[in-house]
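The values are calculated or read from the model by the stated rules, or taken from the named source; none is laboratory data. Given the structure is predicted, the values throughout are model-derived calculations rather than measurements. Neighbour counts run over all protein chains shown; Cβ positions are idealised from the backbone, glycine included. Side chains included, ligands, DNA and RNA excluded: accessible areas come from the protein's heavy atoms. Shrake-Rupley method; radii C 1.70, N 1.55, O 1.52, S 1.80 Å.
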Amino acid sequence: MIPEPVRALLFYLCAGLALAGGCWVAFARNIVHSAFALLATFAGVAGLYAFLSADFLAVVQLMIYVGGVLVLILFALMLTSRIEEARVSNPTIGLVPGAVVLIAVSALLVYACVKEFGGTTDLPPGEPTTAGIGDALLSRYVLPFEVISVLLLAVLLGAVTIAGGRLRKPAPGGKPGKERP
Amino acid sequence: MTDTPAGRDPTAQAPLCPTGGDSAPLVVTTRIDDLVNWSRENSIWYLLFATACCGIELMQTGGPRTDLDRFGAVFRSSPRQSDLLIVAGTITYKMADRVRLIYAQMAEPRYVMAMGSCANCGGLFQQSYSVVPGVDAIVPVDIYLPGCPPRPEALNEAILRVQDLMKSEHWASRRQGRGNP
Amino acid sequence: MNIIQHVANLLIRSVFHADPASWPWTWLVQAVVIGIAAFLAFAFVAIFAGPVSWIERRIAGRIQSRIGPNRVGPQGVLQWLADGVKCWLKEDLVPAAADRPLFLAAPYLVFTGMFGAFVVLPFGAQVVAADLNVGILYLLAITSLVVVGLLMAGWGSNSKWALFGGVRSAAQLVSYEVPSAFSLLCVVLLAGTLSTQGIVAAQGGWPWDWFIFRNPFMFAAFFLYFTAAIAEGNRTPFDLPEAESEIVAGYNIEYSGMRFLFFLFAEWANIWIMAAISAFAFLGGWQIPGIAPEQIAATKGWEFVGWQALSWTIFLVKATFLVFVVIQIRWTLPRLRVDQLMITCWKYLVPLSMLMVLGVLVLLALVPEGGGADTILRGAMVGLGLAVVLVSALRVRRTFRVDREHYREMEGRDLWYPPYRLP
Amino acid sequence: MVPAVPPPVRPNPVRAYFGNIRRAVSSTFEGMTVTMSWLFRRPSTIQYPDRTEKPVREMLPETYRGLLEVDLSRCTACLLCAKTCPLGCISIETCKHPDGAREFQTFDIDNGLCMFCGLCAEACNFDALAHTREFEASVSSAEQLTVRFVDRPGRLVAKAKDLPPRRPRGSILAALIPGFGRRRRRAAPPEPPASPAPAPAAGAEGPENPEGTA
């Protein structure tokens, strides 16, 4: 439906956005800039999902990663002290092991790409995937789905317990109040 | 801090052009300057800098009885977005730095109005050891409004006077700015 | 086939006399048409933001017993133009201590998030930029860009007030997304689709076909969604991020000139978007009473255009009415405290919206659509809606009359100042 | 006697929860009806410069103290006003002629400093110095804040035994303050008082035509 040249242009735009964002995350001196550059990566990846006709995944990528994870990271960063000092917040450590891991992983990825997707394949037709995902989650994969939800519930309860234990301790004066740890 | 009006600017004393009284309908001529001046004078966002009793009068001028919003004059609480700084009240030496700071923070076509006797020349507290004898000693003032405190209608008239001042000058020359004191 | 392809094909046939299917430059014409449509949407946001800001100031004036802007143009209708030109030409300040790239990028990111939501809004029977089959989810997702933009503005300004505003706004948006998503889930359950046009198509033109009057849970879900949407749009009583009395002007405190205008545009676009979502998800959208969408699609020529225009008008009227309600709420309710804001969300709206989802599910299972019970339920809900309107009209009249008696007493006295006016 | 503090009532949490919801709904509804009813009333704004039913100065209270004004033809230069002024905003200087008559050098009132307390007007024995009902005196330079009432050299100080009648209040200021009274009503509903100052009374001296009001 979208003509081919525009498609190609958009693809390279999305891929470039994801790549450039990733590089920016890795190389930015200011760690807040790194966090904001994650936005570009997430948006680029969402665009790539949309290209693969995974519309539900693309939107969920934006909603969960941008609306949830990224905001959480930003909150955590902004509540940290001395965040603006690059020496403290974003030091360069482990150059050599990092380079080794980088080379190993990229070699693996390139190998996998060449071996598995040697040529170009036609993109799958743009079918809505939401209903299929819903059906799969509630029929074939219902057990993993439920296990994950139980896990998340446990995490929630744990967080409430850890955070609430400090708040509920009664102050020496009598009525319960907030107490600094 | 000098006690002479050193920061005063000659353009502030330029003669006001006549308003035309009865026969001044709204005419948008083709000249860009006129359009620009028209938009500026009908959208005076003022910054409340209320330190004393004039501040009460200033706040109530925006109220129902003398509605300044009729002329498009509304208050903004951020100096970056406001066009007119209304200094309403006694300025002590301690406060003078803040007045200068706020003036320095305003974006360029900016105007200052000294409202009431204290802002004009120190007023009742002129002989006090702690009071700035007139706000024109620290920032360039465009309009002086006498009164102790002035009536809301008087403030309204002073706003119209600022409109006349805007109408009479060239936008670009004003935009270049007069520098910070 | 959507309307953009339709227009592009029409252009190619009539101007270039070529067959769109085989002509090599079809994509170029389509791209141009898409660009023009995007520009029109942009213009719509800008043009809409202007007069509505004037309307808001006039309404605020009347509510506060004053007049509001009335000097610029007839009755002040050009006020927004003056404000816009002035802001545009004002000096564009970047604070010396600001984080420059973030500071410069933030307004555009906020605006992009708002602007992107217009893609899936169903304006008319065939007028929608892209009828995505994940439309509602897309709306929820694209507005999360706004959160990041506000955080960016708050951090980039390097001002404590801006940072407070940004963080408050982000916390608020993230929290209130939960009840609004749950309320929209009720709609999705009834419609059986995530597509915005599909949701409109699942409703009808008459009020008893709207989702809001389908059952009591949907009726409550509408108000829950509306509350959450006001909070997401940072409007009073939830305008903590811009609270003048606490954090001077919030996240936009350091912005001047054109960049500040972008924040204003985003705010107005946001109001419009939430009103439009409420209108199409709960109030039947563009559906024309008595005419099925298939009948509209079957017409040709001017008749088609006429029906389209009518559907568009219906949608705009509904959405504008909701915008008016938002404005009135702004000048009615005082601002909440931060803890009250969070309590409202997590202790009240979230459990209640979950309850609504549950209730809608149960009713969906118990009451078959089109049956007798369904008809009775719808009739009762429409009656309830009418009763609310009637009662509020009576209350308005009573308030008006009580004060009029009071003013009548005042009028006879000899006052030095012109006394109160008779209402 | 301090009243006994009743023991704190612990409300039923469930009732409190639903009571909160009910109160939120009902108070919002109530507030909306009130604001809605205001949409149908006439605003109480006095549209000050040009669209008022009558000039604002005519709506002011009887005791309103506006800008100060001195009628030099009645002033005996007794300096009572200048001595009474707590701020010293009135400055009067006279000099003596060889023929015995006294002549005004200056009679300045600093509007910027004046706090409109009215002590000077009360001290004046000859009703020369008085408050007007004018308030529109914003100027664009600090020098213009001072009103200089001596309009020409050789203005003689009046003798207390033969004083001319007081000129109407506001007519002198109108000639002295630049742009005074520019804000006039655009549409004049019933009565036509175009000039804020009535014509000067007969017998008054000085260049006091209300030219400045036009």
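A few notes on this one:
- Exceeding the 20 Å Cα-Cα cut-off - candidates B:LYS167/D:LYS54; B:LYS94/C:LYS90; B:LYS167/C:LYS90: B:LYS167/D:LYS54; B:LYS94/C:LYS90
- Whether the stretch C:320-365 is rounded, prolate or oblate, judged on the alpha carbon gyration tensor where a/c under 1.5 counts as rounded: oblate
- Centroid-to-centroid separation of the stretch D:1-55 and the stretch C:267-338 [C-alpha atoms, Å]: 30 Å
- Fraction of beta bridges assigned by DSSP in the protein assembly as shown that are antiparallel (%, nearest 5): 55 percent
- Sites C:ALA292 and C:VAL362 - FRET efficiency at Förster radius 41 Å, r taken between beta-carbons, to 0.05: 0.90
- Residues of the protein assembly as shown: accessible area per residue with a 1.4 Å probe, Å²: 49 Å²
- Within-12-Å neighbourhood charge of A:ILE133 [Cβ basis; K, R +1; D, E -1]: -2
- Chain C: C-alpha gyration tensor shape, a/c 1.5 cut-off, then a/b vs b/c: rounded
- Members of the stretch C:46-71 that become less accessible by 30 Å² or more once partner protein chains are added (1.4 angstrom probe, chain alone as reference): C:ARG57, C:ARG62, C:ILE63, C:SER65, C:ARG66, C:ILE67, C:ASN70, C:ARG71
- Amide N proximity, the stretch C:257-296 versus C:VAL382 label position 7 Å along Cα-to-Cβ, cut-off under 20 Å: C:279-293
- Here the simple spin-label model places points 7 Å from the Cα toward Cβ, and for D:GLU58 and A:VAL100 these points are separated by 9.7 nm.
- Taking both sides together, the accessible area buried where C meets B is about 2900 Å² for a 1.4 Å probe.
- Prolate/oblate/rounded call for the stretch C:197-281, Cα gyration tensor, a/c under 1.5 rounded: oblate
- Separation between Cα centres of the stretch B:54-87 and the stretch C:91-133, rounded to whole Å: 31 Å
- Accessible surface buried once D binds C (1.4 Å probe; total of both sides; Å²): 3200 Å²
- Percent RCO, i.e. relative contact order, over chain C, from Cα pairs under 8 Å lying at least 6 residues apart: 18 percent
- Inter-chain Cβ neighbour count for C:165-173, averaged per residue, equals 2 (cutoff 10 Å, partner chain atoms only).
- Accessible surface of the protein assembly as shown, 1.4 Å probe: 67 percent of it comes from carbon and sulfur atoms.
- Across peptide B:76-89, the average count of Cβ atoms from other chains found within 10 Å of a residue's Cβ is 5.
- Residue among C:ASP339, C:ASP92, C:ASP374 with the largest mean-square fluctuation in a Gaussian network model of chain C, springs linking Cα atoms under 10 Å: C:ASP339
- With R₀ set to 41 Å, the beta-carbon distance separating C:ARG408 from D:THR28 gives a calculated FRET efficiency near 0.85.
- At R0 = 60 Å, FRET efficiency that the Cβ-Cβ distance of C:VAL305 and B:ILE32 yields, to 0.05: 0.95
- Exposure ranking of C:PHE260, C:PHE164 by accessible area [1.4 Å probe, largest first]: C:PHE164, C:PHE260
- Added length on full extension, which subtracts the Cα-Cα distance from 0.36 nm per residue, C:ALA43 to C:TRP25: 3.8 nm
- Net lengthening on full extension, C:ALA393/C:TRP346 (0.36 nm per residue, minus Cα-Cα): 13.7 nm
- Pairwise burial A:C, computed as accessible area of each alone minus the pair, summed, 1.4 Å, Å²: 2300 Å²
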